[in-house]
Amino acid sequence: QAAGTVAAVDLGATSGRVILGRVDQSAGTLELDHVARFPNGPVRLASGLHWDFTGLYRDLTRGLADAFRRDPSVASIGIDSWAVDYGLLRGGRLLGEPFHYRDDRNAAAVERVHRRVPFEELYRRNGLQFLPFNTVYQLAAESAGPDSGAGDGGSGDGGWLGLADSLLLVPDLIGFQLTGGRFAERTNASTTGLLGVHSGEWDDELIERLGFPASVFAPIVAPGDSLGALRPPVADELGAPAGVEVVAVGSHDTASAVVAVPMEASSAAYISCGTWGLVGVELEHPVTSDAAREANFTNEGGVDGRVRFLHNVMGLWLLSESVRWWERDGETIELAELLAAAASVTGPVAVFDADDARFLAPGDLPGRIAEWCAEHGVPAPRTRAEFARSIIESLAEAFAGAVRQASVLSGVDVETIHIVGGGALNELLCRRTADRSGLPVLAGPVEATAIGNVLVQARAQGFASGSLEDLRALVARAFPPRRYEPRAR
Ligand code: LRH
């Protein structure tokens with residue numbers, strides 16, 4: 001079996017990267033070459049909180065051009081990003097910058113959706129945990145249109161959604177710009193709330209009941225499918241050889257990350273920890289029991305038809321947004337120093353509910369943490385080091401709790417916890433998650449998402465073969481995780 005190189009575009013909520021992956025499965029090697037990294041984040045326009053899609057596209061295509069300069073043998077490109085957000089198109093033209101999922105336009109839409117389809121029924125159909133920004137609620141807000149206010153049924157003309165002839169989630173939207181093909185990759189489509197949890201296909205009846213135009217949804221493709229060759233002007237701009245393909249990967253970043261968790265899925269839980277902490281287990285079949293619904297666990301689509309049974313914990317957003325708040329007057333805070341100071345805090349610190357919805361929107365997170373503490377009669381942190389420590393302890397506690405719930409709800413007997421993503425670099429978080437769960441934590445790889453993206457492409461190109469277990473064996477060998485043993489509390 002030949003070795004080969006592919007390019008992964010991995011877009012997170014705070015930064016994006018282009019990474020080359022060289023895979024030689026017979027030699028047991030998997031090498032990453034970081035080609036480009038660029039910032040990403042919300043832009044507040046008059047219409048609300050948006051993404052700068054055009055800027056992102058410029059940055060990622062520049063990165064891809066660098067990648068082809070560095071290695072002209074790149075066989076394919078794969079794109080993954082955060083979930084749920086989308087662009088609307090008409091005649092191939094983008095109808096404005098996509099909304100950011102942290103925009104607050106969805107509150108009225110949630111009620112409107114649940115009035116038509118009660119949450120219990122939604123959950124039975126789509127298996128998704130309630131998050132106010134699930135695409136289904138965003139689309140209900142969209143249908144209400146610019147002029148209608150938030151009245152039931154919206155303006156009746158379908159609002160912005162009625163203007164569109166297609167809707168593409170962010171990675172699919174990039175795929176469309178690159179190839180001209182319009183597809184909906186299944187793992188990410190599973191986060192819309194409009195995919196049948198058992199069928200893995202668009203739930204046409206649900207779409208109709210919610211009054212959405214069925215024709216805007218693109219055909220479903222699976223990770224490993226080709227989205228087509230680069231459009232000739234794009235290939236020119238990237239300096240790419242003719243015929244280079246864009247391959248569907250687990251285009252939901254969390255789906256790609258889970259591919260690269262070097263775990264034994266029958267006895268492990270994973271935490272994909274970046275902006276969010278996605279905490280759960282991998283299953284063969286969805287669990288949509290009342291208990292799973294009440295615990296707000298989701299059944300998202302995984303690569304190779306696996307199920308990502310997990311819960312969203314707020315994640316390192318709590319820390320990054322606090323730092324952003326403290327830096328608002330121009331000061332620069334070194335994260336490593338802040339974490340070192342957090343590690344040396346000796347007294348007890350507040351453990352707050354990291355899941356509380358008040359932490360979702362951008363803004364004064366330290367103030368909201370203090371407010372939570374005041375409401376719950378807990379002394380609030382005072383120094384920045386105490387805030388950082390309180391955030392880490394609260395995340396570790398939420399992670400440990402979600403692992404316990406995942407285990408009870410799914411029947412997986414969890415013996416180890418894998419932490420992948422940026423959080424794997426955070427020693428205090430890994431150590432405290434081990435301590436608070438009483439289980440060993442295996443940390444790494446940090447770039448799990450890009451690795452999962454690379455591996456699914458490599459398999460599609462014939463540079464690798466086998467099941468997810470075979471791919472994970474390669475990850476374990478190339479990126480041996482670091483182990484944290486639990487200590488007494
Ligand atoms: C993580 C993530 C997560 C989603 C959220 C919108 O980046 O994709 O899985 O719930 O962003």
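None of the figures in this text is laboratory data; all of them are computed from the coordinates on show. This is a predicted model, so every value here is computed, not measured. Neighbour counts run over all protein chains shown; Cβ positions are idealised from the backbone, glycine included.
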Counting other Cβ atoms within 10 Å of each Cβ, which GluC sites (Glu not before Pro) in the stretch 278-365 have at most 13 and sit in a DSSP loop? GLU284, GLU331, GLU334
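Where the eigenvalues come from the Cα gyration tensor of the chain, what are the semi-axes √(5λ) of the equivalent ellipsoid, largest first, in whole Å?
32, 29, 23
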HN-Hα J in Hz across the stretch 112-120 - Karplus 6.51, -1.76, 1.60, θ = phi - 60°, x for Gly and Pro: 4, 5, 5, 5, 7, 9, x, 4, 4
Quick one: Cα convex hull volume of the stretch 274-397, Å³ per residue? 132
Can you give me the P(r) profile for the stretch 172-323? Cα pairs, bins 5 angstrom wide beginning at 0, each as a whole percent. 2, 9, 15, 17, 16, 16, 12, 8, 4, 1, 0
What ³J(HN,Hα) values, in whole Hz, does the Karplus curve 6.51 cos²θ - 1.76 cosθ + 1.60 give for the stretch 425-434 when θ = phi - 60°, with x put for Gly and Pro? 7, 8, 4, 4, 5, 5, 4, 6, 5, 4
Spatial extent of the stretch 325-457: Rg and Dmax, with the Cα atoms as the point set, Å: 16.4, 52
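Please report CYS430, CYS273, CYS373 as a ranked list, fewest other C-beta atoms within 10 angstrom at the top and most at the bottom.
CYS373, CYS430, CYS273
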Between Rg and the Kirkwood Rh of the stretch 63-205, both from Cα atoms, what is the Rg to Rh ratio? 1.03
Note down the relative contact order for the stretch 1-48 as a percent, whole number, built from C-alpha pairs under 8 angstrom at least six residues apart. 33
Express the C-alpha Rg of the stretch 258-304 as a ratio against the empirical globular expectation 2.2 N^0.38 Å, rounded to two decimals. 1.19
Give the long-range amide H neighbours of THR29: residues separated by 5 or more places, or on another chain, with amide H under 5 Å away, using H modelled in the peptide plane at 1.01 Å from N. ASP24
Can you check how the C-alpha radius of gyration of the stretch 183-245 compares to 2.2 N^0.38 Å, as a plain ratio? 1.48
